[in-house]
Each structure stands twice: as C-alpha cells, then as structure tokens.
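*Asks:* Let me begin by handing over the structure; questions about it come next.
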Amino acid sequence: MCDVCGCGQAAATRLVKIEEEVLQKNNAIAAAVRARLAERRALMINLLSAPGSGKTLLLEVSLPRLMAEVQVGVIEGDVQTRYDAERLRRVGIPAVQINTGGACHLDAVGVQRVLGEPPLTSADVIVIENVGNLVCPAAFDLGEQAKVVAVSVTEGDDKPEKYPAAFAVASLMLITKVDLLPYVNFDVARCKEGARQVHPGLPVIELSARTGEGVDAWVEWLRHQLAHVRDVPHTHNEHHSHAHRH
Ligand SMILES: Nc1nc2c(ncn2[C@@H]2O[C@H](COP(=O)(O)OP(=O)(O)OP(=O)(O)O)[C@@H](O)[C@H]2O)c(=O)[nH]1
Ligand SMILES: [Mg+2]
C-alpha cells in the first residue's frame, strides 16, 4: 500500500488536499526534468504495467539493438530488491535501481536525482521501468516524453477497461507474451478496443520477448521517438515496422 498517493486511506477530503499538493510538487519537478532532457536532446520513456508483464525481459532483449547506435540507460523502479537492474547489467545494459521502500510508483524527485549520476548523465535514450502497478504510476509525471503501457496476454483482455488511467495517458500500448496466446483466453481485438475506448487511436504493438516477434517494431518506435526529440527526420525501416492502428 502506498503512503504517498494514499491508496486505502479513509479521510477523503484531507487526502485529496494532500494528493493535490504532492502531485503539484511532483509536476513542477517533472517539468524541470523534461526541460533539462530537451536541452540534452535525450529521450526518456516511462514504461508502466502490472507486475510481471514482461517489462524487464523486453528491455533485456530489445535495448542491446539500440546500444549499437546510441547510449542507453535504464532506471529500474521496484519496491524492493536490485534484481531487475542486475538482470539488465548482466546483458550489458547500464541500469540504476531505485527502491521505493513501500511506495507503489516512482516520483519525479527520485528520477531527477539519478539522472544526475553516471551512466544516465550521458544517455541519449533513458527507459524508466516503473514499479509494477497499473494504477498509481499513471498519475505521476516523471518528466518523460512518453509513457508506454504494457499488458500481457496472461492478465486478461479486460484490463484496459478495468484500469483505464494508464491507457489514457500512454502514447503506446504493448501487448506482451503473445507466444502464450494459444494457451490463454485472450482476445487481442477486445483488448485493443478497450484501450481505444479510453484513448482513441492509441497505437499498439503486439510482441513476445521470448520469440522476438514484434520486438523490431518496439525498437523502431523508440528510434522514431528519439528522432523526434532530436528534431531529425526518421527514415530507418519506416515502411514496415510502425506501431499499427488497426
Ligand atoms: N512466455 C513468455 N514469458 C515471458 C515473456 N516476457 C516475460 N516473460 C516471463 O514473465 C515473467 C515476468 O517477466 P519480467 O520481465 O520479470 O516482468 P516485469 O514486468 O519486469 O516484472 P516486475 O518488474 O516484477 O513488474 C518472467 O518469468 C519472464 O521470463 C514473453 O514474451 N513470453
Ligand atoms: Mg521488472
């Protein structure tokens, strides 16, 4: 349970006031982070999902492809343990771990602090893996250029309808673990439809970090975002690997 965003507390009016103050303070710092990144022409992406949707495995298999072209760094958010940062470092991806010690989301203060440390000071692309949680992280701007929400096929196709906030704020939805589709009762079309009810036109990439299917499209999406912050035309493989809107 989160003592910052106040999930589960009862004194509603007081709580709303505290939440507003916390969010205002957070948003001011996030704006400063965003301005600093814009000066550096660096891209920062905030990846959200429920616990275990496959965020870390996706970063492990996809980011090395970008590292041939640009400097990449990851901010790992977890309540406890350094497991995810260690997993990334084992495959050569520079990663910094933030332990929230109880809070169910990262906030802009924590992100600002680690952005001033190597290896993130020189990174062109920074991916934040937020704490596994489909609710609270959606409310906290971290200064990223875009949020990405992942939902795995083992979670059920109704998740966008049940947890709309993350889908409303995301610029991209990933449907992960599609290699497991034959074994689960997951209707891809229904999941997309649910997401687009709260966010019309939301781009979707279906992928599997296990088989590699769809991972190219994700890497290409990141390249496209980076080209955008660098203000250069993006030409690489545009014809065949965009996130699709159908
Ligand atoms: N079959 C299959 N399993 C996957 C895939 N991606 C991840 N997994 C498995 O799903 C489990 C969770 O993956 P993680 O990458 O740790 O998920 P996460 O979202 O980083 O988890 P948290 O950081 O705890 O929220 C692991 O056992 C992975 O091996 C996939 O594409 N297909
Ligand atoms: Mg993880």
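None of the figures in this text is laboratory data; all of them are computed from the coordinates on show. Just so it is clear, the model here is predicted, and its values are computed rather than measured. Ideal geometry is used to build each Cβ from the backbone, glycine not excepted, and the neighbour counts take in all protein chains shown.
*Asks:* Calculated FRET efficiency, ALA139 and VAL188, Cβ-Cβ r, R0 30 Å, to nearest 0.05?
*Replies:* 0.65
*Asks:* Let me ask you something else. Can you tell which of MET44, MET173, MET67 shows the greatest fluctuation in a Gaussian network model of the chain with Cα springs below 10 Å?
*Replies:* It is MET67.
*Asks:* Gaussian network model of the chain, Cα springs within a sub-10 Å range: biggest mean-square fluctuation belongs to which of SER62, SER152, SER49?
*Replies:* For the chain, modelled as a Gaussian network with Cα springs under 10 Å, the answer is SER62.
*Asks:* Related question: Excluding same-chain pairs closer than 8 in sequence, count the lysine pairs in the chain whose Cα atoms lie under 16 Å apart. Before the final figure, lay out each step's value.
*Replies:* Details: LYS17/LYS25; LYS55/LYS147; LYS55/LYS177; LYS159/LYS177; LYS159/LYS192; LYS162/LYS192; LYS177/LYS192.
For the chain, the number of qualifying lysine pairs is 7.
*Asks:* Build a GNM of the chain with springs between Cα atoms under 10 Å: which of ASP216, ASP141, ASP107 gets the top mean-square fluctuation?
*Replies:* Highest fluctuation of the listed residues: ASP216.
*Asks:* I'd like to know which of SER122, PRO164, ILE205 lies farthest towards the positive end of the charge dipole of the stretch 12-230, counting +1 on Cβ of Lys and Arg and -1 on Cβ of Asp and Glu.
*Replies:* Most positive-ward Cα: SER122.
*Asks:* For the pair GLU161/HIS234, report the inter-label distance in nm, with labels modelled 7 Å from Cα in the Cβ direction.
*Replies:* 3.2
*Asks:* Which GluC sites (Glu not before Pro) in the stretch 19-81 pass both tests, a DSSP loop state and at most 14 other beta-carbon atoms within 10 Å? Intermediate values should be presented prior to the final figure.
*Replies:* Details: sites: GLU19, GLU20, GLU21, GLU39, GLU60, GLU69, GLU76; in loops: GLU69.
Those that pass, being in a loop and sparsely packed, are GLU69.
*Asks:* Taking the Cβ of each residue in THR100, THR56, THR13 as the centre, tally the other Cβ atoms inside 10 Å and list the residues starting with the fewest.
*Replies:* Going from least to most buried by this count: THR13, THR100, THR56.
*Asks:* Another one. Of all the stretches in the chain, which is the longest one without any exposed loop site, taking trypsin sites (Lys or Arg not before Pro) in a DSSP loop (any state but H, G, I, E, B) with at most 16 other Cβ atoms within 10 Å?
*Replies:* Longest stretch, sites excluded: 83-209.
*Asks:* Let me ask something else. Looking at the chain, what % of its DSSP beta bridges pair antiparallel, to the nearest 5?
*Replies:* 5
*Asks:* Say R0 is 51 Å: what FRET efficiency, to the nearest 0.05, do MET67 and ILE18 get from their beta-carbon distance?
*Replies:* Working: r = 41 Å, r/R0 = 0.81.
Calculated transfer efficiency: 0.80.
*Asks:* How many angstrom lie between the Cα centre of the stretch 30-50 and the Cα centre of the stretch 157-223?
*Replies:* So the two Cα centres are separated by 22 Å.
*Asks:* Which helices pass in the chain if a helix is a full DSSP H run, must span at least 30 angstrom along its long axis by Cα, and must have mean Kyte-Doolittle hydropathy not below -1.0?
*Replies:* 12-40
*Asks:* OK, next. What fraction of the DSSP beta bridges in the stretch 113-246 is antiparallel, stated in percent and rounded to the nearest 5?
*Replies:* Restricted to the stretch 113-246, the bridges split so that about 10 percent are antiparallel.
*Asks:* Distance from a point 7 Å along Cα→Cβ of VAL109 to each backbone N in the stretch 25-42: keep the residues under 18 Å and list them by number.
*Replies:* Counting backbone N atoms under 18 Å from the label point, the list is 25-34.
*Asks:* A further question follows. Mind giving me the nanometre distance, one decimal, between the label points for ARG90 and LEU181, set 7 Å out from Cα along Cα→Cβ?
*Replies:* 2.9
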